[in-house]
Amino acid sequence: MTRSARSPRATRLALAAAAFVALAVPLVALASASRSSGPSADPSFTRDVAPIVREKCTGCHRVGGIAPFPLETAGQISTRSSLIAAAVGGRVMPPWPPGPRSPAYVGQSERTLSADERSTLLAWARGGGRVDGPALGRKPLQPVPPRAGERTLRLRMPTAYRPRAAGGATDDYRCFLLDPELRADSFVTSARIEPGAPKVVHHVILFRVDLSQVGAAKRVDAGSRGPGWSCFGGTGLPAGSSASIQESLNNANWIGAWAPGWGSGRVPDGTGVPLPARGRIVMQVHYNLLQGRGHDRSRAVLTTSPGSARLTPLRTMLLPAPVELACARGERGRLCSRSEALYELGRKYGTTAAFVPAGLLILCRGSATAPRPSPTSTCDRRLTERTTIHVAAGHMHLLGAAIRLELNPGTPRARVLLDIPRWDFHWQNAYTLATPVTAGPGDVVRVTCRHDVRRRHHGEHGVPSTPRYVLWGEGTTDEMCLGLLQVTRG
C-alpha cells in the first residue's frame, strides 16, 4: 500500500499550476489581441463549453467523485477556468496514459479531447471564463442492457467495508470474494462496477476463481479480519491446477476492470470470458484514502450467456518480465544486497514469492545465473497458434516510468499494441483495440518496462525511500513489469 508524503492529486494539481504559469503570458497576450481586434468571438459557455465538461470531466469531477473538486455547475466551472485552461493546455487532463505511438482504442474519443474541443476550452478561458447559462450537470452512468439469451448478475460485497491502512499509508487494496451462484458453465459478456463510495474507490479489477481455487479463497477470506483480505498486485491466491506455468500465463484469470470515468463494458462481439460452474469472482478494490475513509459496499453488474452459446472464449495472456533494480548511485543499506533483498522477499511473502525472480529470469532470459540489474525489463513470448489480440493493458508499481507492448518488434511486421511513455500508477486501465490485431504461430509479443529508482528521492506517489535492491513482488517496496493481452485463439 502506498505511503504518501505528497498526494497524487496534489502532484497533478501542482503540475496543472505549473502549466498555468507557463500559459499565463500567452493567454493574457492572446486575450488582449482578441479585445483589440474587434467584437469578441468567445465560445458560448452553455452551447460550447458545458457539453465538453459534461462528457469529458464529470465522470471524475462530480460530487462524491474521486476528483478533488466537482465541475457540475456553472459557478464551479467558471471559477476554475484558469485551472482548466492550464490542465487542458498542458495536456494533464483528461488523463489518457497511452502515447502517440499507441493505436486507436475503443472509447478513446470519450476519454480524450479533440483539437477543436481543446481550442474551445482554451478560447473560453482566454475570454475570461464567462457564463451565459447553466451547466449540464454530470454525465449519467449507462447500464449495459442484456441481449437475447443473456442474464444480469448483480454481485454485491457481502458487507460494508471501511478502508484502512497502517503506518500513514494512503491506499488500501482489498479483495472480496463474490459468489455468482452459477450451476453451469457460463460466459461473461459485460462487466460494470457500481462503486458504493465513489469518492474513495479508485479502481476495481475482477478476477475469475476456478473451482480448484475456491477452497483456498474461502480460507484466506475467513482468516482475515473484517470482510475480504488485503491484496496488492493480484488476488494473493495460489495459482490453481493449471498444467504448466506457460498454460497459466496464457490463460490467466482476468475478467475486467473499472476506473473513474472509464470501465468495462461489453467484451468484443462474439466473445465471452469463461466463468466455470460453482466458481467464484474476486473483486479487488483500490481505495484511495486521501478523500476520506467512508464505508463502501460496491457491486459488480455482469451480463452472462450460457456455456452452450456460440461464443469464442476471450482469454487473458500474462506477459511478465523480470525486475532487477539495483540501488541508485550513492545509496547504501543492507537491502542494497540482492541476496538480502531476496531473503526479505521470502520472509514477507513466503518461499514461493522468493522463487519468482529466478523463475522470471529463466522464462525470459533462459538462465537465472548472474542476474544483471537494469532499469529496463523486457520479455518475449512466441505464439504457438493463431491469435487475435483485442485488449492490451500494462501493470507496474510505484517506480514504473514507462511500459510498452509490441508485436514482432524489430521486424517489418512490427506493431505497437500499447505504449505508455509516462507511467502513473494511479491511472491503470485496459484498452480495447479499435481494430483487433491477428497474429500467427511464430509471431512474438514483447513487454518492455522502464523503472526509475530515483523516484525514491522525489517522494512522488508515496514511494518508500529506504534504499534496497528491488525485485518482482507484491508490495510497495517491490516492483512488477507485466503486460496483459485479452485474446481469442484459432
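The values are calculated or read from the model by the stated rules, or taken from the named source; none is laboratory data. Since this is a predicted model, take the numbers as computed values, not measurements. Counting neighbours? That spans all protein chains shown, and the Cβs are built from the backbone with ideal geometry, glycine included. Ligands, DNA and RNA are excluded from the accessible area calculation, which covers all protein heavy atoms including side chains. Shrake-Rupley method; radii C 1.70, N 1.55, O 1.52, S 1.80 Å.
Figures for the structure shown
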read-out: Other-chain or far-sequence residues with amide H under 5 Å of residue 256's (modelled H); value: 206
read-out: Relative contact order %, the chain, counting alpha carbon pairs below 8 Å whose residues are six or more apart; value: 20 percent
read-out: In sequence order, calculated HN-Hα J values of the stretch 188-202 (Karplus, 6.51, -1.76, 1.60; Hz; x Gly/Pro); value: 7, 10, 7, 9, 9, 10, 10, x, x, 10, x, 5, 10, 7, 8
read-out: Cysteines in the chain lacking a second Cys C-beta under 4.7 Å; value: 57, 60
read-out: Whole-Hz couplings from phi, Karplus 6.51/-1.76/1.60, listed for the stretch 310-327; x for Gly and Pro; value: 7, 10, 8, x, 9, 9, 10, 9, 9, 10, x, 10, x, 10, 9, 10, 7, 4
read-out: Eligible lysines near residue 139 by straight Cα distance, threshold 20 Å, same-chain separation 8 or greater; value: 56, 199
read-out: GluC sites (Glu not before Pro), loop per DSSP, at most 13 other Cβ atoms within 10 Å - longest free stretch of the chain; value: 182-384
read-out: Rounded to 10°, Cα long-axis angle of helix 338-349 versus longest principal axis of the chain; value: 90 degrees
read-out: Helix-only CD estimate at 222 nm, as mean residue ellipticity for the chain, using -39500 (n - 2.57) per DSSP H run (n ≥ 4); value: -7000 deg cm²/dmol
read-out: Accessible surface of the chain, 1.4 Å probe, proportion on carbon and sulfur as whole %; value: 54 percent
